[in-house]
Amino acid sequence: MPSFEYPANFIRFLGTAGTRFIMLSQRRSSGGIWFSYGGARGVIDPGPGSLVRICEARPSLSLYDINTIILTHRHIDHSSDVNALAEGMILKSRAPRGFILATRDALEDGDRVIMRYLLPGIAVTAIHEDGKFTSPIGGVTIESVRHSHNGVECYGCVFRADGLPSWGVISDTAPMPGFPSRYGACELLIVNTALMFPRANEGHMSLPDVESLLARTVPAVAAVTHMGADMLDKGAEYISRRFSARATKMIAAEDGMILTLENPITILKPERVRQSFQEK
């Protein structure tokens, strides 16, 4: 039998692609982030291939275990598989089930990305509001944090549950002055970092932006994901070395990487997971 079992609380990167160029080439997968945390189980930003990555995951992940789906914004690289995952979330339930947290422009007419026919089957549908706390499952709370990204509504999230590390996700956004205070208590911080260097009016975080943020916050672990071509060309070792003198353990996320959401937070690289899973 395989020796590896998922911990009770963890995230798994279904994809770490950033920018449309990386998404369209699938140089990195674009499936978002699977999480299990205090009874909430779901996916943040299920972009192209999310359903496939879930079905192909080893050790296995069950689509029918999902009870939470979160969209930070409606762009296709963050939302294209949301309806498929919502189908899985409600398919085997006779009563409305699950929770969706999304932006208003993802749920309402116009460029809505969540199909209307699914909504009666979903128990709770919530809209991001800056500073609003939602409690989808048990004692888990999710705080929405307003972002600034290329003309669409966009929000990050801070997750909290009693007895577990708090963690945050900074989605696609220009740097914002309130981030240190809003994310300052997070023990794990995941930052979408498309750019190696800042670009004016780009609406994305760069590596120097992350350095500046970590100078004012001290999570135990920080992970950059949603990386563009320049970031991927430099590689994980360069990024780790650049931050090596800091108290925060900095990593560049990889497709299939697992981070435990328990004390202490630990990092399980994909090759280690595969090796453990294959051991007899």
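Go through segment 135-161 and give me each residue that's under 18 Å from Leu107 (Cβ atoms), in contact with a Phe, Trp or Tyr (Cβ under 8 Å, 6 or more places away or on another chain) and outside any strand (DSSP E or B).
Within segment 135-161, Pro136, His147 meet the criteria.
Across segment 77-98, which residue is farthest from Arg28 (Cα to Cα) among those that are aliphatic (A, V, I, L, M) and surrounded by 14 or more Cβ atoms within 10 Å (Cβ to Cβ)?
Looking at residues that are aliphatic (A, V, I, L, M) and surrounded by 14 or more Cβ atoms within 10 Å (Cβ to Cβ), I get Ile90.
Going through segment 62-96 one residue at a time, which ones are outside any loop (DSSP other than H, G, I, E, B) and small (Gly, Ala, Ser)?
Of everything in segment 62-96, those that are outside any loop (DSSP other than H, G, I, E, B) and small (Gly, Ala, Ser) turn out to be Ser79, Ala84, Ala86, Gly88.
For residues in segment 213-259 being of a type in the set (S, T, N, Q) and in contact with a helix residue (DSSP H, G or I) (Cβ under 9 Å, 6 or more places away or on another chain), which is farthest from Arg146 (Cα to Cα)?
If we take residues in segment 213-259 being of a type in the set (S, T, N, Q) and in contact with a helix residue (DSSP H, G or I) (Cβ under 9 Å, 6 or more places away or on another chain), then Thr248 is farthest from Arg146 (Cα to Cα).
Hey, can you tell me all the residues within segment 33-61 that are assigned to a helix (DSSP H, G or I), hydrophobic (A, V, I, L, M, F, W, C) and either crowded, with 21+ Cβ neighbours inside 10 Å or touching a helix residue (DSSP H, G or I) at 6+ places or on another chain (Cβ under 9 Å) (or both)?
Leu51, Ile54, Cys55
What number of residues within segment 180-199 satisfy the criterion of being closer than 26 Å to Gly235 by Cβ and out of contact with any strand residue (DSSP E or B) (no Cβ under 7 Å at 6 or more places or on another chain)?
1
Give the number of residues within segment 99-128 that are surrounded by 14 or more Cβ atoms within 10 Å (Cβ to Cβ), assigned to a loop (DSSP other than H, G, I, E, B) and at pLDDT 95 or above.
Within segment 99-128, residues that are surrounded by 14 or more Cβ atoms within 10 Å (Cβ to Cβ), assigned to a loop (DSSP other than H, G, I, E, B) and at pLDDT 95 or above number 6.
Given the options Leu213, Leu268, name the one that is out of contact with any Cys (no Cβ under 9 Å at 6 or more places or on another chain) and modelled with pLDDT of 95 or more.
Matching residue, one of Leu213, Leu268: Leu213.
Which condition does Ile190 not pass, out of (1) among the aliphatic types (A, V, I, L, M); (2) over 25 Å from Thr266 (Cβ atoms); (3) buried (at least 21 other Cβ atoms within 10 Å of the Cβ), if it passes all the others?
With respect to (1) among the aliphatic types (A, V, I, L, M); (2) over 25 Å from Thr266 (Cβ atoms); (3) buried (at least 21 other Cβ atoms within 10 Å of the Cβ), Ile190 is out only on (2).
Report, by residue number, each residue of segment 175-224 that is farther than 25 Å from Arg28 by Cβ and of a type in the set (Val, Ile, Thr).
Thr217, Val218
Hey, which of the helices (runs of 4 or more DSSP H) in segment 170-280, taking only ones fully inside, have at least 1 residues that are aromatic (Phe, Trp, Tyr) and under 20 Å from Gly15 (Cβ atoms)?
270-278
In this structure, is Arg27 of a type in the set (D, E, K, R) and either without any contact (Cβ under 8 Å) to a residue 40 or more places away in the chain or outside any helix (DSSP H, G or I) (or both)?
Answer is yes for this residue.
Take Ser206 and tell me if it is hydroxyl-bearing (Ser, Thr, Tyr) and modelled with pLDDT under 95.
So Ser206 does not fit the description; no.
Search segment 12-32 for residues being β-branched (Val, Ile, Thr) and surrounded by fewer than 24 Cβ atoms within 10 Å (Cβ to Cβ), and hand back the single one that is farthest from Asp45 (Cα to Cα).
Ile22
Name the pairs whose Cβ atoms lie under 8 Å apart, with the first residue in segment 232-258 and surrounded by 18 or more Cβ atoms within 10 Å (Cβ to Cβ), the second part of a helix (DSSP H, G or I) and among the hydroxyl-bearing types (Ser, Thr, Tyr), and 6 or more positions between them or separate chains?
Met250/Ser240; Ile251/Ser240; Ala252/Ser240
Looking for whichever is farther than 24 Å from Cys154 by Cβ and over 12 Å from the mean Cα position of the chain (by Cα) here; the options are Leu51, Leu63, Leu85. Which one fits?
The unique qualifying residue is Leu63.
Would you tally the residues in segment 131-160 being among the polar types (S, T, N, Q) and either under 30 Å from Ala200 (Cβ atoms) or touching a Gly at 6+ places or on another chain (Cβ under 8 Å) (or both)?
Going through segment 131-160 one residue at a time, the tally reaches 3.
For residues in segment 1-11 being surrounded by fewer than 16 Cβ atoms within 10 Å (Cβ to Cβ) and among the hydrophobic types (A, V, I, L, M, F, W, C), which is modelled with the highest pLDDT?
Ala8
The values are calculated or read from the model by the stated rules, or taken from the named source; none is laboratory data. Note that the coordinates shown come from a computational prediction; the quantities given were computed from them, not determined experimentally. Counting neighbours? That spans all protein chains shown, and the Cβs are built from the backbone with ideal geometry, glycine included.
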